[in-house]
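What follows is a set of notes on a single structure, which appears directly below.
Every number here is computed from the coordinates shown, using simple stated rules; none is lab data. Keep in mind that what you see is a predicted model, and the values were worked out from it rather than measured. Here the Cβ positions follow ideal geometry from the backbone for every residue, glycine too, while neighbour counts run over all protein chains shown.
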Amino acid sequence: MLCMTFRYAEHTLLLEKENMSVPNVAIKLISQAQTCEERFLRQIFVRDQMATWSKQPLIMARADGVHYWDVAGKQYLDALSGIYVVSLGHNNRRVIEAIHRQLDLTHFSPVMHGTNPPAVQLANLLAELAPGDLSAVKFQCGGSEVTEAAIKIARQYHKLTGHPGKYKIISRYQSWHGSTLGSLSASGLKSRKTVNEPLAPGFLHVFPPTCYRCPFDKTHPECDITCATIVGDVIDAEDAETVAAVMVEPIGHTGGIIDPPDEYLPILREVCDRHNVLLIFDEIITGAGRTGRMFAAETFGVLPDVICTAKGLGGGYAPISAMICRRHIADVFWSEEPDNPGFVEGHTFEGNPISCAAALAVLQEIIERDVLANVRRQGARLREHFERLAEKYDVIGDIRGKGLLQGVELVRDRETKEQFPADNPLGLRVGRRALENGLLCRFDPHWIAFGPPLISTDDEIDQMVEVLDRSFEEVLSESGERTATR
Ligand SMILES: Cc1ncc(COP(=O)(O)O)c(C=O)c1O
């Protein structure tokens with residue numbers, strides 16, 4: 001503690017004496033040793049495997065627009081918006097000033113007793129922007145908290161409407177809904193679940209619409225969209241009176257940008273209606289404009305009962321998430337006590353004024369600068385680039401996604417769709433090389449994805465793809481892998 005006080009004093013002195021610019025101060029905030037020596041890095045959990053990460057630690061010191069600079073001064077192009085969060089890019093003055101103004105008014109108000117003006121304004125703006133009658137909003141701070149809230153509202157809704165036995169949640173393998181116990185139980189990502197098992201009871205999983213590798217060995221459209229219709233069969237088999245909700249990401253992220261065929265979500269909607277089961281869209285990534293509409297529900301033309309959104313909503317300037325539900329659900333909670341306890345769910349920092357002021361400014365920017373049109377335009381540009389890369393490199397087997405959420409699946413053999421073996425994970429090699437070359441993107445052994453800031457320009461998208469292209473070129477030529485030049 002003494003040490004920290006001393007360092008803080010030292011830092012203040014530095015500011016006064018040298019009249020340093022903010023970026024330089026940020027870099028000097030921690031010493032060179034603290035950025036790379038194990039004894040300092042051991043004090044913090046960052047990545048899953050810290051021993052591996054700490055060999056080449058990445059510590060960002062400042063950011064502007066679509067760029068980051070690490071503590072060593074190296075510049076990175078941010079083709080991932082942080083992690084689908086920094087929707088308006090870094091250093092957006094309008095959002096920063098909105099936060100400053102709110103700090104001067106009030107930085108916190110007690111959720112136990114009420115709310116604050118930015119929260120009421122933001123709820124009303126979201127109600128206006130969300131499709132259909134999605135209009136009652138519960139704020140939280142992160143994605144896991146709102147997917148958890150959606151699970152709870154589904155269960156409470158059925159209890160209050162005379163179906164107390166409806167509690168099961170159906171979601172998909174390979175999905176990610178968060179890391180709290182309920183959201184993790186709904187998730188279908190083996191690598192993150194097994195280690196935490198046993199998880200909560202009442203969660204079932206079905207296979208996702210991975211058309212490129214159909215789990216039913218069928219081909220679209222002759223498949224009759226079995227991956228969607230089977231959800232009805234599962235509800236039947238479980239007994240519909242025990243099933244509360246189906247929760248899906250409109251475009252799955254983990255699993256490699258799982259973009260469903262057009263018929264998929266409308267079929268889920270029909271199945272849920274038929275069985276009095278709520279349809280929840282996890283739009284933690286796809287919400288707030290990423291697919292070129294404010295919500296992916298609009299991109300796919302399907303109205304869910306509940307939308308959960310987070311990451312891009314606050315643009316990374318402050319943590320905020322929102323669960324938005326339809327009128328008929330909200331109305332059930334709007335009656336006199338004691339028959340109705342209301343929606344029993346809450347966290348200390350939900351709807352705090354700073355986060356709500358940030359999100360209001362983010363949404364105003366999206367609307368006034370017509371950011372959604374830019375997402376559609378840049379999404380088309382990104383798709384063309386990926387198609388060009390697929391002509392150049394035959395390790396690109398498939399291109400998927402919408403707007404500024406797109407990725408490529410990597411294969412060793414395009415004909416057979418054989419994957420690269422575990423000891424030669426091409427996606428990791430290319431992604432790591434891209435990082436060395438100054439590009440942040442999402443990479444996995446078998447896929448690579450881009451989710452650039454929604455305000456990215458033509459030049460910036462071109463530069464991001466150029467670095468990816470160079471990284472493919474370098475890795476493939478080093479290992480003598482085939483690169484088709486047709
Ligand atoms: C689709 C989806 N849902 C939920 C979450 C959980 O959000 P958080 O990490 O903010 O709790 C994530 C996080 O990556 C996500 O991608």
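Structural remarks
- Each DSSP beta bridge with both residues in region 95-368 is either parallel or antiparallel, and the antiparallel ones are about 40%.
- Rounded to the nearest 500, the helix-only mean residue ellipticity at 222 nm of the chain stands at -12500 deg cm²/dmol, with each DSSP H run of n ≥ 4 adding -39,500 (n - 2.57).
- Report note on the peptides 300-307, 406-413, 155-162, 466-473: ranked by the mean count of other C-beta atoms within 10 Å, highest first, their order is 300-307, 406-413, 466-473, 155-162.
- For region 95-368, relative contact order (Cα pairs under 8 Å, six or more residues apart, normalised by length) works out to 29 percent.
- Spacing of the two label points (7 Å from each Cα toward its C-beta) at Asn437 and Asp239, in nm: 5.7 nm
- Distance between region 339-396 and region 245-272 - C-alpha centres, whole angstrom: 18 Å
- Filter on Lys190/Lys417; Lys166/Lys311; Lys138/Lys168 - keep pairs with C-alpha separation over 28 Å: Lys166/Lys311
- When the charge dipole of region 371-479 is built from unit charges on Cβ atoms (+1 for Lys and Arg, -1 for Asp and Glu) and taken about the Cα centre, the candidate among Val375, Gly438, Leu426 whose Cα reaches farthest toward its positive end is Val375.
- Relative to the globular-protein estimate of 2.2 N^0.38 Å, the Cα radius of gyration of the chain stands at 1.01.
- Debye, to nearest 20: dipole size of the chain, +1 on Lys, Arg Cβ, -1 on Asp, Glu Cβ: 920 debye
- When both bridge partners sit in the chain, DSSP labels roughly 65% of those beta bridges antiparallel.
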